[in-house]
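Below: one structure, written as structure tokens.
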Amino acid sequence: MDKVFVEGLVVDAYIGVYDWEHESTQPLVLDLTMAWDNAKAARSEDLADALDYDSLSKAVTALIQQRPRALIETVAEEVAELILTHFKVPQVTVKVGKPQAVKAARQTAVEITRKAS
Ligand SMILES: Nc1nc2c(c(=O)[nH]1)N=C([C@H](O)[C@@H](O)CO)CN2
């Protein structure tokens, strides 16, 4: 299956297990890999046949900014669910990075892969 990618999507979010983390936003960095048949859109040149990475990125950003969450695992699961159900994607891999979480580390992250049921 072909793929569509959104890489390095930065979303400012209220995220963390500690109270102080909910006083201001921190950046999350998302890498999204979606299985998609790109051949149909290539033939038709119709955005309706493509997986629209622009509207998908906006929907993911809006979801994350809806409410505070404790764990980046929760963000990953909710983003995967949105992409599978709303965008009719058969399989998605979601990586959520929290670059400011550990001072000595460039990045901390979780990654999940989910399939449509
Ligand atoms: N696997 C995870 N570990 C940790 C998380 C997380 O979301 N997933 N979060 C924290 C804290 O919020 C941390 O980022 C504060 O520095 C710790 N571990």
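Taken together, the values in this text are just the output of simple stated rules run on the coordinates, not laboratory data. All of these numbers come straight from a predicted model, not from anything done at the bench. Cβ: placed from backbone, ideal geometry, glycine included. Neighbour counts: every protein chain shown.
Side notes on the structure shown:
- Flag for THR108 being farther than 17 Å from MET1 by Cα, within 16 Å of the ligand (Cβ to nearest atom) and among the hydroxyl-bearing types (Ser, Thr, Tyr): yes
- Pairing residues of the range 37-61 that are acidic (Asp, Glu) with residues that are part of a helix (DSSP H, G or I), at Cβ distances under 7 Å and at least 6 apart in sequence or on separate chains, gives ASP49/LYS40; ASP49/ALA41.
Yes or no, residue by residue, for (1) surrounded by 13 or more Cβ atoms within 10 Å (Cβ to Cβ); (2) over 17 Å from GLU111 (Cα atoms); (3) touching a His at 6+ places or on another chain (Cβ under 6 Å):
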| residue | (1), (2), (3) |
| --- | --- |
| TYR18 | no, yes, no |
| GLU23 | no, yes, no |
| LEU32 | yes, no, no |
| ASP37 | yes, yes, no |
| LEU51 | yes, yes, no |
| THR61 | yes, yes, no |
| ALA80 | yes, no, no |
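- Filtering the range 72-90 to residues that are in a loop (DSSP other than H, G, I, E, B) and farther than 15 Å from LEU30 by Cβ leaves LYS88, PRO90.
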